[in-house]
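Below you'll find the structure, written out as structure tokens, and then a few comments.
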Amino acid sequence: MAHPGRRAMLRLARDGERSATELADAAGLSPSAASQHLKLLRDVGLMHVRVDARRRLYRVDFQRLAEVRAALDELWDDRLDALRRHAEQTAPEAERPRRDTRRPSA
């Protein structure tokens, strides 16, 4: 998904089936380059293809896309937690968040 052409093709195919030619033209890619990107997207399970006569129609696999999104969210959550801990450890005492150390009254 790092390539902008792949992201463009995913955006275009999320609303319904699109032909390889439509995807290539809209993403500004040559047919050969689009074919390589579409193969990669199929191989990782983000797109499905259906043959209709002489056309190949592509559509997004939303379940697989959700799995990728969840994995990326988890990765970022871990990194953001690490960044927060680092900031708290290195911040001057006056800038550190205060923690309420009082015991709750019964």
Checked the chain against the a/c 1.5 cut and the a/b vs b/c comparison, axes a ≥ b ≥ c from its Cα gyration tensor; verdict prolate
Is the shape of region 23-68 best called rounded, prolate or oblate, per the rule: a/c under 1.5 gives rounded, else a/b larger than b/c gives prolate, else oblate, with a ≥ b ≥ c the square roots of the Cα gyration tensor eigenvalues? oblate
Of the residues Leu80, Leu38, Leu46, which exhibits the maximal mean-square fluctuation in a Gaussian network model of the chain defined by a 10 Å Cα contact cut-off? Leu80
Determine the calculated [θ] at 222 nm for the chain from helices alone, applying -39500 (n - 2.57) to every DSSP H run no shorter than 4 residues and normalising by the residue count; nearest 500 deg cm²/dmol. -18500 deg cm²/dmol
Helix runs (DSSP H) in the chain reaching 24 Å along axis by Cα, Kyte-Doolittle at least -1.0: 62-90
In the neighborhood of Asp73, defined by Cβ-to-Cβ distances under 14 Å, what is the net charge if each Lys or Arg adds +1 and each Asp or Glu adds -1? -3
For the chain, give the magnitude of the charge dipole about the Cα centre (Cβ charges: +1 Lys/Arg, -1 Asp/Glu; no others), in debye to the nearest 20. 180 debye
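Every number in this text was worked out from the coordinates using simple rules, so none of it is lab data. Predicted, not measured: the structure shown is a model, and the values here were computed from it. All Cβ positions, glycine included, derive from the backbone under ideal geometry; neighbour counts span all protein chains shown.
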